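This report refers to the structure that appears directly beneath it.
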Amino acid sequence: MTRPGPVAPRGPSVSEILTIRWEYPTYVIESAPVKSGTTVKEMRSALTREEALAQIAGTDRRPLLVLRECARCNKTDDALLQPGVDNEKVAFLSRWFRCVRLPIDVVQPDHPFHALFPGDDSEHLFVVAFDGANQQALESDTSRTQLCSAMSSVLAASYVKDPTALYKDLHVFGDQLDGLDQEVRELEKKRSAEMESRTLDKKRLAKIERDLAAVKKKIDAKIADIAKVSEIELKPEPGTEKRNG
């Protein structure tokens, strides 16, 4: 259950954690070298769905969250995925996906990744396992609840432990980090005021610096804790259990 968001925006530490890390894959085919030793680009053409997924996944076995940009929509996809108080769960779950953003012309028949979005009426977003299984298409007007449900379904099928359960921990860690960020802001104001004063008190400034360093150390420790609990193994590929046993 999603908790009511606080009125104040998240501090910089939590905002960094909730940043979606987008990849922008490209695919260029080059012809064989000509006599001069140079190469020329061949005319582009669409890959098969399997080839396109393999290209955007690369060696990353995490499930995929794939978004296509659209010139005609009202950017509801951006609004749906932007980190913020109302979208924390989407942003938090994205850390277990390879998040891929494809250009507007992906719907053109000759685009290498066209098979993933085969027309203007294609969905704007989908989540899928890295091997193409369990794909769930989502329209631009999909609610965050539907998106989180789809993301959770793919995560549960991809990881040995469903990462969705860790979202409740973000509330605790996040609120603690916001409090520490506030302490940093207050101490930095005190430091600035002390340094700008006519009679600089070096002992007081030194204490502020020590307090500031201590708070930043706590922030680093909290972020490390979040990173640690986020380390969840992917399920082995089908058949590898027997080969490795």
Per-residue accessible area, 1.4 Å probe, largest first, puts Arg98, Arg72, Arg198, Arg21 in the order Arg198, Arg72, Arg21, Arg98
Name the long-range amide H neighbours of Lys235: under 5 Å, sequence gap of 5 or more, or other chain; modelled H, no Pro or chain starts. Tyr159, Val160
Just read off the accessible area of Ser94 with the full protein assembly in place, 1.4 Å probe, to the nearest 10 Å². 10
Can you compute 3J(HN,Hα) from phi for each residue in the stretch 157-166, using the Karplus curve 6.51 cos²θ - 1.76 cosθ + 1.60 with θ = phi - 60°, rounded to whole Hz and x for Gly and Pro? 7, 9, 10, 5, 9, 5, x, 4, 5, 6
Dimensionless Rg/Rh of the stretch 117-245 - Kirkwood Rh, Rg from C-alpha atoms: 1.23
Fraction of the pair-distance distribution of the stretch 139-179 above 10 Å, Cα-Cα pairs, percent: 75
At a temperature of 37 °C and a viscosity of 0.692 mPa s, determine how fast the stretch 169-245 diffuses translationally according to Stokes-Einstein, using the Kirkwood radius over alpha-carbon pairs as Rh; express D in µm²/s, rounded to the nearest whole number. 209
For the stretch 122-215, what % of the accessible area comes from carbon and sulfur atoms, probe 1.4 Å? 52
Along the stretch 10-16, Karplus-curve 3J(HN,Hα) (6.51, -1.76, 1.60; θ = phi - 60°) to the nearest Hz, with x for Gly and Pro, reads 5, x, x, 5, 5, 4, 5
Can you work out ³J(HN,Hα) from phi for every residue in the stretch 114-126, in order, using Karplus 6.51 cos²θ - 1.76 cosθ + 1.60 and θ = phi - 60°, giving whole Hz and x for Gly and Pro? 4, 4, 7, 9, x, x, 4, 8, 5, 4, 9, 7, 8
Test of understanding: what is the full-extension gain from Gln55 to Leu234, defined as 0.36 nm times their sequence separation minus their Cα-Cα distance? 62.5 nm
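The values are calculated or read from the model by the stated rules, or taken from the named source; none is laboratory data. If you're wondering where the values come from, they're calculated on a predicted model, not measured in any experiment. Keep in mind that these areas ignore ligands, DNA and RNA; they rest on the heavy atoms of the full protein, side chains included. Shrake-Rupley method; radii C 1.70, N 1.55, O 1.52, S 1.80 Å.
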